[in-house]
Amino acid sequence: KAMAAEGERLGLDRETATALTAQTCLGAARMAAESGVELAELRRRVCSPGGTTERAIESFRGDGLEATVARAMAACLARSKEMADELG
């Protein structure tokens, strides 16, 4: 949602922003699932030196995305355990 919303803010119409976001996510997921390449190596391969993907990855790192993902996964796991306990 954040990616599509930012696409709109930058001037894309909603349909295009949504389609580009979906295709970006699908493409990344497909490459991760089907390439047989470790994720770090795959990232290295798709990040052209000085390119747009490399710049985006640098921005994610600078903004602490890895820590955000770790917290979200921990929260998900904790809630999953709570739900399992509630179901007995």
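Let me confirm something: among ALA40, ALA29, ALA56, which residue is under 12 Å from the mean Cα position of the chain (by Cα) and in the same structural domain as ALA2 (by TED's automatic domain parsing)?
Being under 12 Å from the mean Cα position of the chain (by Cα) and in the same structural domain as ALA2 (by TED's automatic domain parsing) holds for just one of ALA40, ALA29, ALA56, which is ALA29.
Could you tell me whether THR68 is assigned to a helix (DSSP H, G or I), touching a Gly at 6+ places or on another chain (Cβ under 9 Å) and surrounded by 11 or more Cβ atoms within 10 Å (Cβ to Cβ)? So THR68 fails the test. Taking only pairs six or more apart or across chains, which ones have beta-carbon atoms under 7 Å, a first residue in the range 63-81 that is in the same structural domain as ALA40 (by TED's automatic domain parsing) and among the charged types (D, E, K, R), and a second residue that is assigned to a helix (DSSP H, G or I) and surrounded by 10 or more Cβ atoms within 10 Å (Cβ to Cβ)? Listed by first residue and then by second, the contacts come to nothing, as the list is empty.
Pairs meeting the criteria (first residue in the range 3-27 and without any contact (Cβ under 8 Å) to a residue 40 or more places away in the chain, second residue in a loop (DSSP other than H, G, I, E, B), beta carbons under 8 Å, at least 6 apart or on different chains) are LEU20/LEU12.
The values are calculated or read from the model by the stated rules, or taken from the named source; none is laboratory data. Keep in mind that what you see is a predicted model, and the values were worked out from it rather than measured. All Cβ positions, even for glycine, are placed from backbone atoms using ideal geometry, and neighbour counts span all protein chains on display.
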